[in-house]
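Where a number appears in this text, it was derived from the coordinates with a stated rule and is not lab data. The structure displayed is predicted, hence computed values, not measured ones. Backbone-built Cβ (ideal geometry, glycine too); neighbour counts: all protein chains shown.
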Amino acid sequence: MRLLRKLLNRPVLEKFLGTQLCVGVFSADSTVLYGGGFEFQLDQHHGWLWAWETATGKLLWESKVEGPVYSLALSPDGKTLLTAGVQSANSETWGAATLWEAQTGALRQVFQTSEGAAQTNDVFFTPDGARVLGGFQTGIQVWETVTGAPLDFWQLPAGKTGWPSNLHFSKDGSMVLVAATGWNSGKAGVPGGEGFVQLWDAHSGAMLSTFPSTERYAALSRDGKHVVLAKQRLQKRRNNHSERLWRVALHAVGSDLPQAESPELPAAFDLTALAFTHDGMVVLNGEFCKPWRVIRPWHFLWNPITGKLSATEPPLEDVSPDGKIYLKCNGGGYQSRPPLGTLFATKTHQKLCDLEGRAGYA
């Protein structure tokens, strides 16, 4: 009881609360880093948007927003930032995506949803920047970027109930790969949704082809001709702890049979994202994990032609467009009060600068 009272003591709890940087995106010229995150306090829970100068880590601006920012996208012209909607006391912004000025952080546009009180977790710009897409539990909402007007709502195909959370456009913007994550309803006897991967027409939302996968980790090649899918196999250990063993497969668009499959990855590797490089290689981003804890980021590069799979350094995610720096989000808000994030040189891993901003509890 004494320990419980100590843990419920406000000064003690405050040591474990604070502000956290969750997602970052670099400007096209790599000179500015935009970030999104949240601040968790005992009496409030809200989000933040930030912009930093990458050369020094200097804070250029910050904006307090209604809810946590987990999804952040920069428009192709670099002038606006897009964040996913959150559950809010304000019914006008419940579930809506939001547009912000990239230069100042000022609110520019709120995108209403035709799905009522639904909530979107992920938002995207089309390659031309003319439209905004938001993934909802029942489909994808399409808005006009300039006016915020709802243009269409693409319902999930019959028999598909996953949550669209990962979209990849072809280079010409004509097709979009929709990778949906499965979800748990949280209610006894009520089924959740099953993940799926499909290729849709990016203008009408019509389904063009489907792929044999229920995992949300997938990517579309720049020419729109190939898709890489993630597959997993569960392996039980002696202590009844299950490990997920990942591998990836390359498919030609329109084909159910893989053209190539990677070797199985180490049991301690937990996949978090897939991407194609400009030369057709496949990047596998993930984490080296042990039961109940993450040890460090881990990355692999797979060559579908040779079949070679190799660990790679430096990290291939959160890297600036010029390839010279990468971001490490530090978690923030714990007893040690680390900075919100740190920038490193990709070739040497030398620390360049910490990002300015309040990481601890106020």
Exercise for review: Could you work out the per residue convex hull volume over the alpha carbons of the stretch 100-185, in cubic angstrom?
Suggested key: 117 Å³
Study note, to complete from the structure: The answer for Thr145, listing residues at least 5 apart or on another chain whose modeled amide H is closer than 5 Å to its amide H, is Arg131, Val132
**Study point:** Pairs beyond 28 Å (Cα-Cα), from Lys160/Lys225; Lys64/Lys347; Lys58/Lys79; Lys171/Lys231; Lys79/Lys171; Lys236/Lys328
**Key:** Lys64/Lys347; Lys236/Lys328
Exercise for review: Mind running the shape call on the stretch 252-292? Use the C-alpha gyration tensor, a ≥ b ≥ c as the square roots of the eigenvalues: rounded below 1.5 for a/c, prolate if a/b tops b/c, oblate otherwise.
Suggested key: prolate
Review point. Whose amide H sits under 5 Å from the amide H of Leu60, counting only residues 5 or more places off or on another chain, with H placed in the peptide plane?
Key: Ala51, Trp52, Glu53
**Study point:** Simple label model, 7 Å out from Cα along Cβ direction - Glu53 to Gln155, nm
**Key:** 5.3 nm
Review point. So, counting K/R as plus one and D/E as minus one, what does the shell of residues with Cβ under 11 Å around Gly224 add up to?
Key: +1
